[in-house]
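Here the structure is laid out as structure tokens; the discussion comes afterwards.
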Amino acid sequence: MQNQCTVALNNGRLNLQVKPSSYSISCLLEFASRENPKRAFLFLSKVLGKYIPCLPSKMRKTYVDLSQTITLEGNCLVFGVAETATGLGAGVADVLSGKSEHHVYYAQTTRFDCAEPIAFNVFESHSHAPQHLVYDISENIDIETITEVVLVDDEISTGKTLNQLTQGVSNYLPNLKRIHWASLVDWMPEKTETVFSDLHANVDILFHSLLKGEFNFAQTNKKAIELPHLTASGLSKAVCRIDLGRKGATIGKLNDCAFYTPEGKQIIPQELSKSVAYVVVGTGEFIYQPFLFAEAMESAGIDVLFESTGRSPITQGGSISKKLKFYDPGNKANYYLYNLPEDRIPIILYENKEQYIHCPLHKLLNAQAAILGGSV
């Protein structure tokens, strides 16, 4: 039996039909309005650690639960879709690696221009920042041995983005046999899934999600929506790390992380005070290692939530109770931090010193900041 509901937003109504699923809408989703002329609505995940602060343990549970729906039959490459699903993708890769006898590796799409060889491009038509880059990972991973790919996104609406990724990896990986489309929420009708499966007859496509349903959006406000000034709509030239998935990585490399103050002193998450509450903030595509830091804090009995900054412009109101906009000179664009709790001490985590130097967020919040150690 399907569960139906309607969500009123600034520019229209979302009409949802949810099929029997392992998770409910109330467990997974809130909703918001985008400042984006291509798509006026946004599904806000409550378990992703992006726009809504979340317990690390809840994030980990979704990594485990989504991974339990996937069975691997060979060596696997897990792809996280930037920006929102980089942490989710790495988390799924981590769980799959722990429960599979096969080798599991991780890679991600990115909007950072790293001047590295590119395998292929993906264009996300509805996004404020449509172009994704997929770099050649063959320096770090033997692509000849990969027979399965898991494409991970936080939600699938039309399937067009993962369809392009499917085409790209099918052309790039010579011995690919199966592709898994994995998401927290899948809004595609079964007939759409059949269409995509038929388009790629050379591989088997399997679909996995925690919540399955369909939706339509009825626009009621005809007022034109425009992208805000200085929206991060293009590729970024900011200095970024290429050893965390942008060029492919082992799970051991992803999990081997330590954070240091700008002065070089290591911050041990388990040694932070238990007498105060914290919110750990990841930055942009850099989500998984900050999540691990927050998870270690929670495991040590510290009161902590996790969220991350993003480049997506969202209208304040409803489930977006707070909105902090700041200009990032490194990325030459505005970034945002949503729903930051006022009663928690923020810890901002950066992937390298260059991004720490350019980003003003820790200064705006008078927050503690730390930088991921290790080689780039």
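Restricting the range 271-317 to residues that are in a loop (DSSP other than H, G, I, E, B) and among the hydrophobic types (A, V, I, L, M, F, W, C) leaves a set whose member that is surrounded by the fewest Cβ atoms within 10 Å (Cβ to Cβ) is 276. In summary, strands (runs of 3 or more DSSP E) completely within the range 318-376 and bearing 2 or more residues that are surrounded by 19 or more Cβ atoms within 10 Å (Cβ to Cβ) occur at 333-338, 345-350, 368-372.
Only one entry of 33, 26, 97, 22 meets the criterion of being exposed (fewer than 15 other Cβ atoms within 10 Å of the Cβ) and not in a loop (DSSP other than H, G, I, E, B), and that entry is 26. In the set 170, 138, 197, 125, only one residue is closer than 25 Å to residue 34 by Cα and either touching a strand residue (DSSP E or B) at 6+ places or on another chain (Cβ under 6 Å) or not in a strand (DSSP E or B) (or both); that residue is 125.
State all residues of the range 1-16 that are closer than 15 Å to residue 214 by Cα and exposed (fewer than 14 other Cβ atoms within 10 Å of the Cβ); if no residue qualifies, say none. If the condition is that a residue be closer than 15 Å to residue 214 by Cα and exposed (fewer than 14 other Cβ atoms within 10 Å of the Cβ), then 1, 2, 3, 4, 5, 6 are the ones that fit. If the condition is being out of contact with any His (no Cβ under 8 Å at 6 or more places or on another chain), among the small types (Gly, Ala, Ser) and under 17 Å from residue 249 (Cα atoms), then the range 38-96 contributes 80, 85, 87, 89, 90, 91, 93. If you go through the range 164-182 and keep only what is in contact with a helix residue (DSSP H, G or I) (Cβ under 8 Å, 6 or more places away or on another chain), surrounded by 20 or more Cβ atoms within 10 Å (Cβ to Cβ) and either free of Cβ contacts under 8 Å to residues at least 60 places away in the same chain or within 18 Å of residue 208 (Cα to Cα) (or both), you end up with 166, 176, 179, 181, 182.
Remark: pairs (first residue in the range 315-341, of a type in the set (Gly, Ala, Ser); second residue assigned to a loop (DSSP other than H, G, I, E, B) and surrounded by fewer than 16 Cβ atoms within 10 Å (Cβ to Cβ); Cβ separation under 7 Å; 6+ apart in sequence or on different chains) = 333/230. Got at least one residue in the range 207-219 being surrounded by fewer than 16 Cβ atoms within 10 Å (Cβ to Cβ) and in a loop (DSSP other than H, G, I, E, B)? No, that holds for no residue.
Where residues in the range 38-81 are part of a loop (DSSP other than H, G, I, E, B), closer than 30 Å to residue 204 by Cβ and without any contact (Cβ under 8 Å) to a residue 40 or more places away in the chain, which of them is nearest to the chain's Cα centre (by Cα)? Taking the candidates together, the pick is 68.
Flag not set for residue 147, criterion: in contact with a Lys or Arg (Cβ under 7 Å, 6 or more places away or on another chain), at pLDDT 95 or above and within 21 Å of residue 313 (Cβ to Cβ).
The values are calculated or read from the model by the stated rules, or taken from the named source; none is laboratory data. These numbers were taken from a predicted model, which means no experiment stands behind them. In this analysis, Cβ positions are derived from the backbone assuming ideal geometry, glycine residues included, and neighbour counts consider all displayed protein chains.
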